[in-house]
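None of the figures in this text is laboratory data; all of them are computed from the coordinates on show. Being a predicted model, the structure only gives us computed values, none of them experimental. Methodologically, a virtual Cβ is constructed for each residue, glycine included, from the backbone with ideal geometry; neighbour enumeration extends over all protein chains shown.
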Amino acid sequence: MTVNCRISIDNRPEATDAVFQAVPRIGESVALSIDGTTQDLRVSRVVHVTNGSLEGAAIVVEVTTNIL
């Protein structure tokens, strides 16, 4: 089973879609291809949108490039 998520990087206005095996947890590191380059990003927030009104996505994952 896979989970489709909408990804927001560092609160940028543009977002992208990604498929995960499970919903990422806050604090986890995820590797995503950004502009053709794979980057390690830290999950900072996960939002479950119950009605799917946020551009058709039911799960929004916010990630940051600032990995501590």
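Taking 8 Å as the Cα distance limit and 6 or more residues as the minimum spacing, I'd like the relative contact order of the chain as a percentage. Relative contact order for the chain comes out at 34 percent. About the centre of its Cα atoms, the chain shows a dipole size close to 200 debye [charges on the beta carbon of Lys, Arg (+1) and Asp, Glu (-1) only; nearest 20 debye]. Over all pairs of different C-alpha atoms in the chain, the reciprocal of the mean inverse distance, the Kirkwood hydrodynamic radius, equals 12.1 Å. When the chain is treated as a Gaussian network with alpha carbon springs shorter than 10 Å, the biggest mean-square fluctuation among Arg25, Arg12, Arg45 belongs to Arg12.
Counting only DSSP beta bridges with both residues in the chain, the antiparallel share comes to about 85 percent.
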